[in-house]
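Down below is the structure, laid out as structure tokens.
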Amino acid sequence: MKADTEKQKQFLDEMLTPAIEKAQKGEIELLFCDAAHFTLSAFLCMVWSQVRTFLRTSHGRNRINVPGAVNAISKEVTTLINTTYITTGTVMDFPVQLKGKYALNPIFLVLDNAKYQHCDAVKKKAEELGITLLFLPPYAPNLNIIERLWKFTKKQILYAKYYDSPDRFHLAIRGFFDTINDTSHNNLHKLLSLNFQFFEQQNISQNYTA
């Protein structure tokens, strides 16, 4: 199954753009959500060097999971980090955390179709909390601005970096997200702009700004 550009445009026009307009007016809190799984292992990147360069890599594999949410308007990032697994229970805990943080306005969450967050238990919990779930069309990471955050994180924390222990690796990830909302990451605010791009079958890109 491949991305359906027409369904993506329909989702943008009929669901996402109206939600963005409500968020801009302060009527709702619109949050783009996803979970990233960062792994302590060799991470492919590009390093320019006049001579062959070898980069050390860690022995074995270890990972840290970061369920996250980006506020569409303020760009504030909220996370719920663990080192075990992302389960339906984890996904149910995160909306509770978000509800406690954004208690004044209705909350709309933009989500992909991962099974652990598209199940009935998560939908029921969201309904109990008064949270509206907006599920993206299949294969539509281009409509979820948090994907740009994960890419930015990898560049800052994983590209050409060596961590000699899982503890140091976890500390780097946690430290990064502990400071993600500081002014030192002002360039991230631009990266998380509400610009959406589509790729047609002919590889022609189109930019939509809500």
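The values are calculated or read from the model by the stated rules, or taken from the named source; none is laboratory data. The model shown is predicted, which means the values in this text are computed figures rather than measured ones. Surface accessibility is based on the protein's heavy atoms, side chains included, excluding ligands, DNA and RNA. Shrake-Rupley method; radii C 1.70, N 1.55, O 1.52, S 1.80 Å.
Compute the length gained on full extension between Asn181 and Glu6: take 0.36 nm times their separation in residues and subtract their Cα-Cα distance, giving the result in nm to one decimal. Walk me through the numbers before you get to the answer.
Details: separation 175, 0.36 × 175 = 63.00 nm, distance 3.46 nm.
Full extension from Asn181 to Glu6 adds 59.5 nm.
Rounded to whole Hz and in sequence order, give me ³J(HN,Hα) for region 66-83 from the Karplus expression 6.51 cos²θ - 1.76 cosθ + 1.60, θ = phi - 60°, writing x for Gly and Pro.
Once θ is set to phi - 60°, the couplings for region 66-83 become 10, x, x, 9, 10, 6, 4, 9, 7, 6, 5, 9, 10, 10, 9, 8, 8, 10 Hz.
Please list the three semi-axes, largest first and in whole Å, of the ellipsoid equivalent to region 107-189, using sqrt of 5 times the eigenvalues of its alpha carbon gyration tensor. Don't jump to the answer; show the numbers that get you there.
Values: eigenvalues 178, 49, 41 Å².
Taking √(5λ) for each Cα gyration eigenvalue gives 30, 16, 14 Å.
Ordering Val96, Val70 by how much accessible area each has at a 1.4 Å probe, largest first, what is the list? The partial results should precede the final answer.
Numbers: Val96 70, Val70 0 Å².
Final ranking, largest accessible area leading: Val96, Val70.
Kindly sort Arg168, Arg148, Arg174 by accessible area of their heavy atoms, largest first, with the probe set to 1.4 Å. Provide the component values of the computation, followed by the final result.
Details: Arg168 140, Arg148 50, Arg174 95 Å².
Ranked list, largest accessible area first: Arg168, Arg174, Arg148.
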